[in-house]
Structure formats: C-alpha cells, structure tokens
Amino acid sequence: MKITKICCIGAGYVGGPTMAVIAQKCPQIEVTVVDLNAERIAAWNDADVDNIPIYEPGLADIVAEARGRNLFFSTDVEKAIDEAQIIFISVNTPTKTYGKGKGMAADLKFIELCARQIASVAKDNKIVVEKSTLPVRTAEAIKSILDNTGNGVQFQILSNPEFLAEGTAVQDLLQPDRILIGGDASAEGQHAIAALVGVYSNWVPADKILTTNVWSSELSKLTANAFLAQRISSINAMSELCEKTGADVNEVAKAIGMDSRIGPKFLKASVGFGGSCFQKDILNLVYIAKSYGLHEVADYWEQVIIMNDHQKRRFSNTIVRTLYNTVADKKITFLGWAFKKDTNDTRESAAIYVADDLINEQAQIAVYDPKVSRKKVLADLDYLESRTAAANANSIVSFENPYEACEKAHAIAVLTEWDEFVTYDWKKIYDSMQKPAFVFDGRNILDRGEMEAIGFVYQGIGA
Ligand code: UDX
Ligand code: UDX
C-alpha cells in the first residue's frame with residue numbers, strides 16, 4: 001500500500017513530536033495531527049513556533065520546517081480519519097480513578113472513543129496504530145470494536161510503542177535505538193506491518209526496525225519502562241543504605257556502571273522518578289499480573305513503586321528533620337518543578353509530592369522552574385485533593401527569577417536537574433538567605449565541596 005496520508009489522534013507529548021519528525025523525514029506524506037482540545041491545536045498552529053504547547057529541544061525548528069508543507073494540526077478529527085491510510089492513536093491513557101482496577105489499571109475510555117470514531121468515519125481499509133502505551137491485548141479490544149461497528153471496511157491493528165523520553169524526544173525520534181512494530185501473522189497483518197516499516201525506513205536503518213506479534217510489542221513497552229524504573233528504585237534503595245553506612249551512592253553507581261553487564265545509564269539516585277509513564281505502566285503491569293493470578297510477579301514489580309514513594313517521602317522527611325523538626329512558616333524554595341530537565345511536563349513529578357508533604361507541615365513553598373507556570377504548579381497540587389485550592393494558593397508562590405525565589409529562604413530543595421541551576425551565583429544566593437542556609441539536592445547536581453565552602457549545610461541523596 002502506498003502511504004500518502006497519515007493521521008494522528010492526540011497532539012500531546014507523544015503525538016506532537018512523533019508526527020513532526022515523521023513529516024520532516026517523509027515530505028511525500030501528508031501528516032495531520034488532530035486533537036479534541038482546540039486550545040492545544042491553536043497553540044500548535046501559533047504563528048510563533050516558540051509558542052507550540054510542548055517544549056522539547058529542537059522541536060520548534062522541525063515544526064517550523066514542516067508545518068503548512070506536509071504537517072498540519074487540526075480539530076477536524078473526522079476529515080483526517082477519513083482521508084488517512086494510517087491512523088495513529090496517541091491519546092492519553094491515565095490510571096483509572098474509578099471502578100474496577102481503580103488506582104492501577106489503565107483507563108481506556110479515550111482509546112475506545114477513538115476506535116468508535118474511526119469505525120464510524122472510515123469508508124475504506126485502514127491501518128490503526130497503537131502509539132499510546134496500553135495494557136497487553138488492547139489491540140484485540142480495538143479490533144473487536146472496529147470490526148463490529150464499522151461499515152464493513154477492513155482494519156489492521158498494529159502496535160508501535162513509543163520509546164522516546166521527554167527532553168530528548170527529537171533526538172530519540174531521529175536516532176531511535178529501535179522501532180518496534182507488532183502486527184498480525186496473517187497476510188493482511190504482514191502487509192500492514194510492511195506499510196509502516198516503509199514509513200520509518202525513510203530515516204531509520206533496517207536493522208533497527210523490529211517486527212513482532214502484537215502482544216509481544218505491547219508487553220515490550222511495559223517491560224522496558226518497568227526495567228528502567230526498576231534501576232532507579234534499585235539505586236535509590238542503595239542511596240538510603242549509603243546514607244547510613246558512609247558510602248557515597250554516586251561512587252557506587254560509577255563503580256557498578258563500569259561493569260559492562262550493568263552499564264552506566266539510569267543509575268542516578270534521585271528524589272524519585274516521575275513522568276507520565278513509569279508509575280502508570282508498572283501499575284498496569286501489576287494489575288495485569290494480578291488479573292492472571294500471578295501474585296508473586298505482581299508483588300515483585302509493585303515494590304518498584306513502593307520504593308519510589310518511599311524515596312519521595314524520605315526526602316521531605318529529611319528536610320523537616322534537618323530544619324530542627326519544624327518547617328512551619330519557613331520559606332523553602334524549590335528549584336525545579338518539572339519531572340526532569342528540558343521539559344515543561346510535570347506529570348507525577350516528585351516535586352508535587354514533596355511540596356504536598358511540606359505544606360502539610362505548614363511550610364511556605366517558593367517555586368522557580370524555567371518552563372513551568374504558577375498555574376500548572378497549582379493545578380498539580382489541586383489534583384492531589386489534599387486541601388482546598390485556596391489553601392494551596394496560600395502556601396505556594398512562584399517566581400520568574402531564581403534569585404528572588406531564594407531570598408530569605410531557610411532552605412533550597414533541588415527537585416529538577418536543570419543545567420542552569422549549576423551556573424548560578426551561589427554565593428549571592430547564600431548571602432540572601434536565612435542562616436544557617438540549607439540545600440537539599442534531590443538530584444545530586446551541585447558540588448558538595450563548593451556549597452560547603454560557601455557556607456551552606458548541604459544534603460544530597462545517598463551520601
Ligand atoms: C502519551 C500516550 O498516549 C500514553 O499512553 C503514553 O504512555 C504517554 O504518552 P501524551 O502524549 O504524553 O500521552 O499525553 P498528552 O500530552 O495528554 O496527549 C494526549 C492528547 O490526546 C491530548 O492533547 C488530548 O486532548 C488528546 N485526546 C485525548 C484526544 O484528542 N481525544 C481523546 O479522546 C482523548
Ligand atoms: C520514559 C522512558 O525512558 C521512555 O522510553 C518511555 O517511552 C516513556 O517513559 P520519560 O518518562 O520521558 O521516558 O523520562 P525518563 O528519562 O525515562 O525519566 C523518568 C524519570 O526518572 C524522571 O523523573 C527522571 O528524572 C528519573 N530518573 C531517570 C532518575 O531519577 N534517575 C535516572 O538515572 C534516570
């Protein structure tokens with residue numbers, strides 16, 4: 001099948017960058033990204049590419065190059081579905097907040113909605129690609145909806161999970177470690193796989209494109225995220241032990257990372273992992289394991305989450321304990337609110353939970369993050385429903401200038417590893433703070449010796 005038109009439902013962190021890169025690399029294919037959220041689409045279409053809704057290094061340039069040429073953002077979902085040969089589904093799949101599987105299972109209502117919409121609109125054969133991370137065997141559900149509510153047209157469902165990490169999305173898309181495509185073993189399934197392989201072949205070498213059956217592909221995504229998160233929980237578990245024994249977790253990480261079987265990546269001890277995927281995908285894995293009666297498997301993976309929750313709580317406890325067991329009415333400055341550097345995404349960021357704990361202790365939190373607005377900070381806290389929105393608004397202030405944010409603070413907590421934090425005039429910050437001045441470095445990015453020489457009481461993770 002010759003692919004001339006692609007549509008993607010969901011203009012989020014995954015759909016937006018992925019389609020921008022496909023459009024850039026395949027000028028012969030018209031790529032339309034649609035979303036129910038008209039405000040988001042308008043932002044993607046903003047004449048000034050610096051105003052697109054997602055911040056990713058390098059993304060604005062690609063959008064500037066392809067937008068209006070063969071990359072389009074629209075709210076006309078039906079037209080885009082109708083015209084495309086391949087339809088990517090990149091809508092969000094949050095953890096369920098109600099009913100069976102509450103707090104664990106993925107909420108598939110948006111996926112189902114998409115499937116029903118595709119079924120009602122499609123007039124010719126379509127390839128439907130799962131881009132969103134989904135529970136294993138979701139493809140089956142999508143297929144059943146499509147086949148039973150459609151107009152008799154043929155649908156092929158492919159699983160093509162996204163492995164991009166935020167902050168490096170463009171790089172990850174341009175030079176992926178691998179592209180994974182799962183499809184049906186039937187001739188039609190293999191045909192569909194070949195069509196999607198054809199798209200990626202425009203820039204990805206053949207040996208990096210892996211094809212499997214649908215379920216292997218779906219499960220591989222959950223497994224990859226579970227393994228990555230497990231490494232972080234493993235090193236974070238060691239960080240607590242290091243603090244007790246006098247070992248330094250950075251040294252331990254370096255020493256074990258040089259073992260080529262272990263490798264150096266994803267061994268950075270931190271205040272805890274965040275992001276839209278790790279927790280959600282592991283909870284999902286745990287739920288699936290439980291639903292098959294595999295309780296040991298479920299408990300094994302659940303421990304990764306338990307460890308991560310513990311690490312966040314431990315960080316806020318350390319702050320309270322070190323500040324003489326009370327933070328009531330003390331100004332504590334958060335440097336960073338995003339779940340990692342180089343993104344404006346705050347989903348599941350450790351900062352939210354640490355702030356929540358400290359506000360419970362009646363601290364006053366000042367936040368500076370180069371890419372996160374006050375509105376977002378408040379929305380994140382309100383989402384936890386720990387207290388009223390008014391109470392949150394009274395306990396937290398955002399600053400556009402880091403030096404102002406730190407003025408008169410009792411302590412600084414580093415929650416995100418933004419590069420710019422390291423370049424600050426720390427002497428100037430120290431001079432403006434209450435004494436003794438504390439730094440709790442949740443990312444181990446500052447130099448302990450330097451900070452102590454200035455006069456700070458410095459507490460990193462795992463040393
Ligand atoms: C993605 C994946 O979809 C998720 O499964 C994966 O694990 C993480 O990344 P992401 O792109 O980060 O989600 O989500 P988000 O930024 O929330 O974007 C989803 C978009 O889909 C939103 O803009 C939302 O408005 C849109 N949407 C949602 C629709 O257009 N239609 C719907 O029915 C539901
Ligand atoms: C992750 C996966 O890496 C990606 O492949 C998948 O498609 C989506 O989920 P993302 O959530 O964007 O990507 O970011 P990632 O770089 O994996 O970081 C997740 C969290 O772990 C962040 O909060 C990060 O700060 C933290 N982390 C990462 C650590 O605490 N230590 C590390 O060594 C690495």
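The values are calculated or read from the model by the stated rules, or taken from the named source; none is laboratory data. Everything numeric in this text was worked out from a predicted model, so none of it was measured. Glycine gets a Cβ as well: all are built from the backbone with ideal geometry, and neighbour counts include every protein chain shown. Accessible surface areas use protein heavy atoms only, side chains included; no ligands, DNA or RNA. Shrake-Rupley method; radii C 1.70, N 1.55, O 1.52, S 1.80 Å.
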**Message:** With +1 assigned to the C-beta of every Lys and Arg and -1 to the C-beta of every Asp and Glu, and no other charges, what is the dipole magnitude of the range 162-291 about the Cα centre in debye, to the nearest 20?
**Reply:** 220
**Item:** trypsin sites (Lys or Arg not before Pro) restricted to the range 363-425 and DSSP loop, no more than 12 other C-beta within 10 Å
**Value:** 408
**Request:** List every residue whose amide H lies under 5 Å from the amide H of residue 398, counting only residues 5 or more places away in sequence or on a different chain, with H placed 1.01 Å from N in the peptide plane.
**Result:** 367
**Message:** Going through the cross-link list 126/376; 102/221; 131/340; 340/375, which pairs have a Cα-Cα distance over 28 Å in this structure?
**Reply:** 126/376
**Using distinct alpha-carbon pairs, which all enter the 1/r mean, Kirkwood radius of the range 308-455 in Å** = 15.1
**Request:** Rounded, prolate or oblate: pick one for the range 1-155, where a ≥ b ≥ c are the square roots of the eigenvalues of its C-alpha gyration tensor, a/c under 1.5 means rounded, and failing that, prolate if a/b is larger than b/c, else oblate.
**Result:** oblate
**Item:** Whichever aspartates and glutamates have a C-alpha closer than 12 Å to that of residue 143, once near sequence neighbours (fewer than 8 apart) are set aside
**Value:** 112, 130, 184
**Prompt:** What whole-number value in Å² describes the accessible area per residue of the range 173-217 for a 1.4 Å probe?
**Reply:** 49
**Message:** Show me, for the range 85-96, the HN-Hα J-couplings you get by feeding each phi into the Karplus relation (A = 6.51, B = -1.76, C = 1.60, θ = phi - 60°), rounded to Hz, glycine and proline as x.
**Reply:** 8, 10, 10, 8, 9, 10, 7, 6, 10, x, 5, 4
**Item:** Of the trypsin sites (Lys or Arg not before Pro) in the range 58-96, those whose Cβ has at most 14 other Cβ within 10 Å and which sit in DSSP loop
**Value:** 69
**Message:** Please compute the volume of the convex hull spanned by the alpha-carbon atoms of the range 87-166 and report it per residue in Å³.
**Reply:** 97
**Fill in**
Cα gyration tensor of the chain diagonalised, 5x eigenvalues square-rooted, in angstrom largest first, produces semi-axes 42, 24, 21
**Radius of gyration, Dmax [the range 129-235; alpha carbons; angstrom]** = 15.1, 53
**Request:** Give the percent of DSSP beta bridges with both residues in the chain that are antiparallel, rounded to the nearest 5.
**Result:** 5
**Request:** Starting at the first residue of the range 55-72, write each ³J(HN,Hα) from the Karplus equation 6.51 cos²θ - 1.76 cosθ + 1.60 with θ = phi - 60°, in whole Hz, x for Gly and Pro.
**Result:** 8, 8, x, x, 5, 4, 5, 5, 4, 4, 6, 9, 5, x, 8, 9, 10, 10
**Message:** Accessible area of the chain with a 1.4 Å probe: how many percent of it is carbon plus sulfur?
**Reply:** 52
**Item:** Counting DSSP beta bridges with both ends in the range 19-160, the antiparallel % (nearest 5)
**Value:** 5
**Prompt:** aspartates and glutamates near residue 341 by alpha-carbon distance under 14 Å, same-chain residues fewer than 8 away left out - which ones?
**Reply:** 56, 166, 369, 417, 419, 420
**Item:** If the convex hull is drawn through the Cα atoms of the range 172-300, its volume per residue in Å³
**Value:** 148
**Message:** Using a probe radius of 1.4 Å on heavy atoms only, what accessible surface per residue do you get for the range 419-458? Whole Å² is fine.
**Reply:** 48
**Prompt:** How big is the C-alpha Rg of the range 267-389 next to the rule-of-thumb value 2.2 N^0.38 Å, as a ratio?
**Reply:** 1.17
**Asked** With θ set to phi - 60° and the Karplus curve 6.51 cos²θ - 1.76 cosθ + 1.60, what are the ³J(HN,Hα) couplings of the range 276-291 in order, to the nearest whole Hz, using x for Gly and Pro?
**Response** 6, 9, 4, 5, 4, 5, 5, 4, 5, 4, 4, 5, 5, 4, 4, 5
**Request:** Give the accessible surface of the range 220-291 per residue, rounded to a whole number of Å², with probe radius 1.4 Å and ligands, DNA and RNA excluded.
**Result:** 48
**Item:** Amide H partners (placed H, <5 Å) of residue 330, local residues excluded
**Value:** 364
